[in-house]
1. Given the criteria in contact with a Gly (Cβ under 7 Å, 6 or more places away or on another chain) and at pLDDT 95 or above, does Y18 qualify?
2. Looking at (1) surrounded by 13 or more Cβ atoms within 10 Å (Cβ to Cβ); (2) more than 21 Å from R170 (Cα to Cα); (3) in contact with a helix residue (DSSP H, G or I) (Cβ under 8 Å, 6 or more places away or on another chain), which one does I81 not meet, given that it meets all the others?
3. Write out, first by first residue and then by second, each pair whose Cβ atoms fall under 7 Å of each other, whose residues are 6+ apart or on separate chains, and whose first residue, in the stretch 81-109, is more than 23 Å from E158 (Cα to Cα) while the second is loosely packed, with under 15 Cβ neighbours inside 10 Å.
4. Any residue in the stretch 133-162 that is on the phi < 0 side of the Ramachandran plot sitting within a Cβ distance under 6 Å of a residue that is outside any helix (DSSP H, G or I) and polar (S, T, N, Q)? List the pairs, counting only those 6 or more apart or interchain.
5. So which residues in the stretch 99-121 are of a type in the set (D, E, K, R) and surrounded by fewer than 18 Cβ atoms within 10 Å (Cβ to Cβ), if there are any at all?
6. Tell me, which residue of the stretch 122-132 that is part of a helix (DSSP H, G or I) and in contact (Cβ under 8 Å) with a residue 24 or more places away in the chain is surrounded by the most Cβ atoms within 10 Å (Cβ to Cβ)?
7. Report, by residue number, each residue of the stretch 110-121 that is without any contact (Cβ under 8 Å) to a residue 24 or more places away in the chain and not aliphatic (A, V, I, L, M).
Amino acid sequence: MKQTKKTTTFKEKQQVVYPLQGVGQILSIERREFKEKKLLYYVIYLEVTDMTVMVPVDKAEELGIRAIVPRKDAEGALKLISEEYEAIPADWKMRYQMNLDLLKQGSVFDIATVVRTLYHRSKIKELPILERKLFDNALRLLVDEVSFSLKKSKTDVETMVFERLETEARRSAKASAEKAAAAPPDDDLEDEDLED
C-alpha cells in the first residue's frame, strides 16, 4: 500500500500568511480525528480578526498558506506600488472580480497590485462600497505582511505605502497635464450659444 504522508512544512510559533485573512501564527500542530481518520492540523491564530482556525496540514498548500516573504520581496512589493500602473476596466464589477482573484492568489505582489490599482482608481472616481472594502482588505494584508517581513510597526509601513502611492499619483497627474498642454487645440469646437 502506497503511503501519501506529507511532511509538516511549517513549525510551531512560525508566522504564516493565510490568503484573504492576513498574517497568523501557528500555535500548535495537532493530531485530531476526522471521519474516523487521524489527521494532522495546524492551529493558526489570526491576530487581525482575533480568530483561531484549524487547517489540515495536507491542505495548507492548496489553501495558499505560505511563509511570510523575505525582506527583498517585501521591499519589492513597496517598490511595485510606486511604479507606473496600467489603466483598468471602467466596469467596476469586472474590476472587482479581477482584483478579488488577485487577492485570492495571495502573493505579496498581487496584493500590492490590488492596493495600487484601487488607490489610483479612487483618485478618478469614488470606489463603490464593495471595492472600497476590497481596497481596505488588500491594504491591511499588505501592511500586515510587510511589517512582519521588515520588522517595522504597522503604522510605519502604512505611512510608507501611502507615501509611495502619492508619489506615483503626483507623477501621473503631472504627466497627464504635460500631455494635455502639448496636445494641439481642437479647432473644430464651436463656442456654445449662450443666448436664450
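1. Values: in contact with a Gly (Cβ under 7 Å, 6 or more places away or on another chain): yes; at pLDDT 95 or above: no.
No, not satisfied.
2. All conditions pass for I81, except number (2).
3. Close Cβ pairs (under 7 Å, with a partner that is loosely packed, with under 15 Cβ neighbours inside 10 Å) amount to W92/P128; R95/P89.
4. Note: pairs meeting the criteria are F148/Q15.
5. Taking the stretch 99-121 first, the residues of a type in the set (D, E, K, R) are 101, 104, 110, 116, 121.
Selection gives D101, K104.
6. Within the stretch 122-132, the subset part of a helix (DSSP H, G or I) is 122-124, 129-132.
Those left that are additionally in contact (Cβ under 8 Å) with a residue 24 or more places away in the chain: 123, 130-131.
Details: K123: 12, L130: 12, E131: 19.
Ranking the qualifying residues of the stretch 122-132, first place goes to E131.
7. Selection gives D110 alone.
The values are calculated or read from the model by the stated rules, or taken from the named source; none is laboratory data. All values reported here derive from a predicted model rather than from experimental measurement. Note that each Cβ is placed from the backbone with ideal geometry, even for glycine, and that neighbours are counted across all protein chains shown.
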